[in-house]
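Just below is one structure, and these are the notes that go with it.
The values are calculated or read from the model by the stated rules, or taken from the named source; none is laboratory data. Keep in mind it's a predicted model, so treat the numbers as computed, not measured. When we count neighbours, we look across all protein chains shown, and the Cβ atoms used for this are built from the backbone with ideal geometry, even at glycine.
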Amino acid sequence: MSSPSKIVIFNDTHGWHSRQLIIALALHNIDAVLCDLADCAIDLEQTTGLMIPGFEEELPAAAMVRGIAPGTLEQITLRMDLLHTLSELGVPVFNPASAIEHTVDKARTSLRLHLAGIHTPKTWACENRTIARNIAKTQFEKGVTLVIKPLFGCQGKGIEKVESLAELEAVNIIGDAFYMQEYIEPFEPEDWQDWRLMVIDNAVCAAMSRRSKHWITNFAQGASCFSTTITAEMEQLAIKATQAVQADYAGVDLIRNKDGSYTVLEVNSVPAWKGLFQATGINAADNLAHALAKRIASAQTNAQDHVQ
C-alpha cells in the first residue's frame, strides 16, 4: 500500500466529529492532523507563505473545515486568508472559504438564496435602528410575526420571536445588526417541526425530522430527532440551496409552509451530524471521507499532468 495522504481538519474544538472523520478517512488511506485555524500563521519565510502546525515540510493533501472560532474581524480575516491561499495553491478545501463566507453571515445566505430563486422566508437586514423599526412596524400592521436572529449564530442561540414594537425594543440586538425574518407558522398548529438534510457533492446522504414542543427546533435546544423520508421537492430544494452558497457539503434546514410547500430556513456549511447519526444510523463522516478521497485523487492527477 502506498504511503497515506495527510490532510488537516480545522476546528477550534475537536471531539466526536473529528474522531469519526479520522476513522472514516483511515479506510481511504488518509491520515488527519487536527488543528485550529487560530494556531496557523502567514509566514513569508515559508515557500508557500503559510505556517500550519504538522505541515512544516509540505502542504496538506486536503483541508477539511469543521469549525471556525468566533473572533474579531481581523482574526476572522486572517483565517479566511489562509483558506483562500490553500485553494489558490491547489489544495482541496472542503468547504472552501467562499462557501463559509456565504453561510456564516445569515444575511449573505438569505441574499444568495433569494437571488437564486429559492424559497426562503422574507428577510430584512440593516444596522439603522430607525429603518429596522419602520420595517417591523409595517410588518406588524400586516399581522406578520418576526424572528430576530444574530447575524452570526448557530444552534438556535439568541433567537427571539416578536409581535410588537415594544417586544422589538426589548431584544438585545447583537453587534448592532438587525436580521429579521418572517415567522413561518407550523403546517400543523402547535406542532413545531422542520427537516435537516445533509447534502454532500450534490446528493442528499441523510435526512431527519426535528420536532419540538417549542418553536425553536434545533437539536442543541432539546428538539427530538427522527429518521424520515423526504420528497423529491425537498431533495432538490436542499441541493439547490447548497449550490447557491457554493458549498461542497451542507446541512440544509427546511420547513413546511401552511400551503404544504417547503422553504429553506438556513444553510450550514460546517454542519454537525451527531443528531442525524443518532436518528438515522447514517454516519455522514463516511460520505465526507469518500468525497475528500476523490478530491485528493483528482488534485494529485492534476499535479502530475501539470508536471508533464
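In the stretch 82-97, how many residues are of a type outside the set (A, V, I, L, M), crowded, with 16+ Cβ neighbours inside 10 Å and part of a helix (DSSP H, G or I)?
Step one: list which residues in the stretch 82-97 are of a type outside the set (A, V, I, L, M), which gives 84-85, 87-88, 90, 92, 94-96.
Narrowing the set further to residues that are crowded, with 16+ Cβ neighbours inside 10 Å leaves 85, 92, 94-96.
Then keep just the ones that are part of a helix (DSSP H, G or I); that gives 85.
Looking only at that region, the number is 1.
Which residue out of Ile68, Ile42, Ile23 is surrounded by 15 or more Cβ atoms within 10 Å (Cβ to Cβ) and not charged (D, E, K, R)?
Details: Ile42 fails: surrounded by 15 or more Cβ atoms within 10 Å (Cβ to Cβ); Ile23 fails: surrounded by 15 or more Cβ atoms within 10 Å (Cβ to Cβ).
Just a single option satisfies the conditions, and that option is Ile68.
Here is a list: Ile118, Ile100. Which entry is part of a loop (DSSP other than H, G, I, E, B), within 19 Å of the chain's Cα centre (by Cα) and either at pLDDT 95 or above or crowded, with 21+ Cβ neighbours inside 10 Å (or both)?
Criteria check complete, one pass: Ile118.
Can you name the residue in the stretch 191-215 that is farther than 12 Å from Asp253 by Cα and among the hydrophobic types (A, V, I, L, M, F, W, C) and is also modelled with the lowest pLDDT among such residues? Quick ask: steps written out before the conclusion?
Residues of the stretch 191-215 that are farther than 12 Å from Asp253 by Cα, as a first pass: 191-192, 200-206, 211-215.
Now narrow it down to the ones that are among the hydrophobic types (A, V, I, L, M, F, W, C): 192, 200, 203-206, 215.
Working: Trp192: 80, Ile200: 98, Ala203: 97, Val204: 97, Cys205: 96, Ala206: 96, Trp215: 68.
Checked the stretch 191-215; the qualifying residue modelled with the lowest pLDDT is Trp215.
So which residues in the stretch 25-76 are more than 29 Å from Asp105 (Cβ to Cβ) and outside any loop (DSSP other than H, G, I, E, B), if there are any at all?
Of everything in the stretch 25-76, those that are more than 29 Å from Asp105 (Cβ to Cβ) and outside any loop (DSSP other than H, G, I, E, B) turn out to be Leu25, Ala26, Ile30, Asp31.
Of the numbered conditions (1) surrounded by fewer than 23 Cβ atoms within 10 Å (Cβ to Cβ); (2) in a strand (DSSP E or B), Gly275 satisfies every one except a single condition; which is it?
Checking Gly275 against (1) surrounded by fewer than 23 Cβ atoms within 10 Å (Cβ to Cβ); (2) in a strand (DSSP E or B), the one that fails is (2).
What are the pairs with Cβ atoms under 6 angstrom where one residue, in the stretch 179-196, is more than 30 Å from Arg129 (Cα to Cα) and the other, located anywhere, is aromatic (Phe, Trp, Tyr) and in a strand (DSSP E or B)? Sequence gap at least six, or different chains.
none
Restricting attention to the stretch 62-103, which residues are of a type outside the set (A, V, I, L, M), farther than 23 Å from Val199 by Cα and in contact (Cβ under 8 Å) with a residue 24 or more places away in the chain?
Initially, the stretch 62-103 is screened for residues of a type outside the set (A, V, I, L, M), giving 66-67, 70-72, 74-75, 77, 79, 81, 84-85, 87-88, 90, 92, 94-96, 98, 101-103.
Among the residues that remain, those that are also farther than 23 Å from Val199 by Cα are: 70-72, 74-75, 77, 79, 81, 85, 88, 90.
Result: Pro70, Gly71, Gln75, Arg79, Asp81, Thr85, Gly90.
Given the options Thr85, Thr48, name the one that is modelled with pLDDT under 95, in the same structural domain as Ser18 (by TED's automatic domain parsing) and among the hydroxyl-bearing types (Ser, Thr, Tyr). Lay out the reasoning, then the answer.
Values: Thr85 fails: modelled with pLDDT under 95.
That would be Thr48, the only listed residue that is modelled with pLDDT under 95, in the same structural domain as Ser18 (by TED's automatic domain parsing) and among the hydroxyl-bearing types (Ser, Thr, Tyr).
Against the condition surrounded by 15 or more Cβ atoms within 10 Å (Cβ to Cβ) and either at pLDDT 90 or above or aromatic (Phe, Trp, Tyr) (or both), how does Lys142 come out, does it pass?
Values: surrounded by 15 or more Cβ atoms within 10 Å (Cβ to Cβ): no; either at pLDDT 90 or above or aromatic (Phe, Trp, Tyr) (or both): yes.
Considered against the rule, which asks whether it is surrounded by 15 or more Cβ atoms within 10 Å (Cβ to Cβ) and either at pLDDT 90 or above or aromatic (Phe, Trp, Tyr) (or both), Lys142 comes out as no.
Quick one: in the stretch 163-178, which of the residues that are surrounded by 12 or more Cβ atoms within 10 Å (Cβ to Cβ) and of a type in the set (A, V, I, L, M, F, W, C) is farthest from the chain's Cα centre (by Cα)? Working first, answer last.
Start the filter on the stretch 163-178 by keeping residues that are surrounded by 12 or more Cβ atoms within 10 Å (Cβ to Cβ), which leaves 163-165, 167-169, 171, 173-174, 177-178.
Still in the list and also of a type in the set (A, V, I, L, M, F, W, C): 165, 168, 171, 173-174, 177-178.
Numbers: Leu165: 31, Leu168: 27, Val171: 25, Ile173: 22, Ile174: 20, Ala177: 20, Phe178: 21 Å.
Out of the qualifying residues, it is Leu165.
When you look at Ala107, is it surrounded by fewer than 21 Cβ atoms within 10 Å (Cβ to Cβ) and in contact with a strand residue (DSSP E or B) (Cβ under 8 Å, 6 or more places away or on another chain), yes or no?
Working: surrounded by fewer than 21 Cβ atoms within 10 Å (Cβ to Cβ): yes; in contact with a strand residue (DSSP E or B) (Cβ under 8 Å, 6 or more places away or on another chain): yes.
It is true that Ala107 is surrounded by fewer than 21 Cβ atoms within 10 Å (Cβ to Cβ) and in contact with a strand residue (DSSP E or B) (Cβ under 8 Å, 6 or more places away or on another chain).
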